[in-house]
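Only one structure is covered here, and it is reproduced in the block below.
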Amino acid sequence: MLLLIDKKIDTITILKLCQAHFGNFIKFVADIDRKVIAAGGEMHADAEVLLLNNGSKQVSLWGANLYPENEPEKRIEFESFINIRPLDDNMALTVQNAEIRHKIKNLVEALLLSPEELIQLED
């Protein structure tokens, strides 16, 4: 299950995305310029390809993971192999630029899960 998201999705869809692959988290790629997210799938690269095929530019794409059941400050893990981009001054799996992390967080809160939304994954 891989979705291109440009408007807020409901918690049932978030649960389905979790359960489709990993159970407790969702891999996603955020386009911080177009303000869309590709979520789901087994690899960040799958979501990256979906976005690139839909008009996104590589420089705007950043991979991360969403753990919906975690407390708000620990819900987003800013790590992905697609983030290793020396040409964009990111030499690690983790998104190193604080401004980019902030844009990703804002996009997640707008389209996936706001800090006020607490969900518990079903066993």
Among residues of region 104-123 being within 16 Å of Lys74 (Cα to Cα) and surrounded by 17 or more Cβ atoms within 10 Å (Cβ to Cβ), the residue modelled with the lowest pLDDT is Leu113
I need every pair where a residue in region 53-71 that is exposed (fewer than 12 other Cβ atoms within 10 Å of the Cβ) has its Cβ under 7 Å from the Cβ of a residue that is at pLDDT below 95 and part of a strand (DSSP E or B), sequence separation at least 6 or different chains.
none
Search region 73-89 for residues being modelled with pLDDT of 95 or more and not β-branched (Val, Ile, Thr), and hand back the single one that is surrounded by the fewest Cβ atoms within 10 Å (Cβ to Cβ).
Phe81
Out of all the residues in region 1-49, which are of a type in the set (Asp, Glu), out of contact with any strand residue (DSSP E or B) (no Cβ under 8 Å at 6 or more places or on another chain) and closer than 14 Å to Leu66 by Cα?
none
Only one of Val29, Val36, Val108 is of a type in the set (Val, Ile, Thr), in contact with a Lys or Arg (Cβ under 8 Å, 6 or more places away or on another chain) and touching a residue at least 24 places away in the same chain (Cβ under 8 Å); which?
Val108
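The values are calculated or read from the model by the stated rules, or taken from the named source; none is laboratory data. It should be emphasised that the depicted structure is a prediction, and the values quoted were computed from it without experimental measurement. Neighbour counts run over all protein chains shown; Cβ positions are idealised from the backbone, glycine included.
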